[in-house]
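Have a look at the structure below, then the notes.
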Amino acid sequence: MAAMGVHPDRATLGPGLVALLAIGMLINYVDRGNLATAAPVIKDALGLSNTEAGILLSAFFWTYMPCQLAAGWLAERINPYRTLAIGVALWSFATLATGLATSFAALLTLRLVLGIGESTTFPCNAKILARDLAPQRLGTVNGLIGAGQAIGPAIGTFGGGLLIAWAGWRSLFLIFGLLSALWLVPWLFALRRVPSQRANADPATPGFGAIIARRECWGAGAGHFAHNYALYFVISWLPLYLVKARGFSVIEMGELGSILYILYAIATQAVGLAADRWMAAGGSSTRVRKSFAITGLVGLAACMLVCAAGTPVLSIVGLLASGLFFAMGSATIFPIGQTLGGPHAAGKWMGVQNCLGNFAGIIAPLITGYVVDRTGSFSIAFAIAAAVTLLGIIGWASIPRIETIDWRER
């Protein structure tokens, strides 16, 4: 392994585009989490079991996961900026239409469409950052984008809870779908200033086969999966857990959920800054990234176990503390993929890594719904999340060095 030469367009990404990427990530997580926020109301309105609710919460990932590969290919072959715009337009439509849905089948179909649209985010972000941003800024910028990933559920949970209490669950999807579409206005305007050469296909881009053949790909995918299992378990089931298992009102649920996600957002930015400063002081990418990734998984497992075995008060403490450890993962997972793939392969690499990692989004809601229906409690579901999280340490430990792969070795 050896670092590739610096791409001529590196370090050209301005603060305006970085801010739009962060806001786009925020919108992404608001829209994918809307169903979870509305689930307590929709579940009662449609008479759904926990298993059926789990199917709806899981359906998003049935298309989101495999479409990561297509999005990574489009980001490399066409243009990551335009590919992202197409994705946002598609998921904005799906969110709006969900507010008009009148049946379980319609909700299920629109969740599948939402997954297709949102699949463009991470591969396009990875391609843009790996090619157009200096490596020593990856931690800070990914931390900012990761903060958007955390603030999205905070806004969706708190603001969504208030909207549902005030105007019903349909208003949640109609209003947020419209706001998502409005993001396209400044993004399309900004694209006019993007140099035309960025639209050209990169002849040095490796194929998916070359990426999948790397042990680093499977190690990163396993670590990503473990982090995501706990993350999607919390994002998907936190509203139902707080309302149905702990007896909070929808508004109280929104308040507690928003506190968790705000702590997560603040910590993500702090971790990104700390990682960049550590590397600037001489820390290697391998040591810095692995330290945060593994510490985050250990801490998450501890928090999940506290929630599984603790009193109601301790469970809330465990959930709030998990925000710090989610931040360590979110601020680290994506710089690892961007570094390993490098400017020539980051889009495809993140497509594969995110595909593997987001398989957790399919099984975590389904397993949780099944376990809660069978046991009548969330304790075992939290224990399963802790066990899966600890297994992710093996994935990160299996990567020898976190540095850009020389694709010329092919």
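The single condition among (1) of a type outside the set (Phe, Trp, Tyr); (2) over 27 Å from PHE225 (Cβ atoms); (3) at pLDDT 85 or above that LEU90 does not satisfy is (2). Candidates in the range 1-42 are the residues that are of a type in the set (Val, Ile, Thr) and within 16 Å of SER258 (Cα to Cα); of these, the one that is modelled with the highest pLDDT is ILE27. The set of residues from the range 264-290 being under 19 Å from MET25 (Cα atoms) and crowded, with 20+ Cβ neighbours inside 10 Å comprises TYR264, ALA265, ALA267, THR268, GLN269, VAL271, GLY272. Looking at the range 283-293, can you tell me whether even one residue there is modelled with pLDDT under 90 and part of a helix (DSSP H, G or I)? So far as the range 283-293 goes, yes, one or more of its residues are modelled with pLDDT under 90 and part of a helix (DSSP H, G or I). Here GLY223, GLY219 are screened, and the one residue that is modelled with pLDDT of 85 or more, under 23 Å from ALA386 (Cα atoms) and buried (at least 23 other Cβ atoms within 10 Å of the Cβ) is GLY223. Scanning the range 113-133 turns up no residue that is of a type in the set (Gly, Ala, Ser), modelled with pLDDT under 80 and farther than 20 Å from GLY351 by Cα. Inside the range 206-258, can you point out the residues that are assigned to a helix (DSSP H, G or I), charged (D, E, K, R) and in contact (Cβ under 8 Å) with a residue 24 or more places away in the chain? Residues satisfying the conditions are ARG215, GLU216, LYS244, GLU255. For the range 95-104, the set of residues classified as under 17 Å from ALA39 (Cβ atoms), out of contact with any Asp or Glu (no Cβ under 8 Å at 6 or more places or on another chain) and assigned to a helix (DSSP H, G or I) consists of THR98 only. Counting only helices (runs of 4 or more DSSP H) that sit completely within the range 297-410, those holding 3 or more residues that are in contact (Cβ under 8 Å) with a residue 60 or more places away in the chain and surrounded by fewer than 19 Cβ atoms within 10 Å (Cβ to Cβ) correspond to 359-375, 379-397. Only one entry in THR121, THR140 is more than 16 Å from GLY342 (Cβ to Cβ), in contact (Cβ under 8 Å) with a residue 60 or more places away in the chain and either surrounded by fewer than 24 Cβ atoms within 10 Å (Cβ to Cβ) or out of contact with any helix residue (DSSP H, G or I) (no Cβ under 9 Å at 6 or more places or on another chain) (or both), namely THR140. Tell me, please, whether a residue that is closer than 24 Å to THR51 by Cβ and not polar (S, T, N, Q) can be found in the range 319-331. Scanning the range 319-331 turns up at least one residue that is closer than 24 Å to THR51 by Cβ and not polar (S, T, N, Q).
The values are calculated or read from the model by the stated rules, or taken from the named source; none is laboratory data. Not measured: the values here are computed from a predicted model. Backbone-built Cβ (ideal geometry, glycine too); neighbour counts: all protein chains shown.
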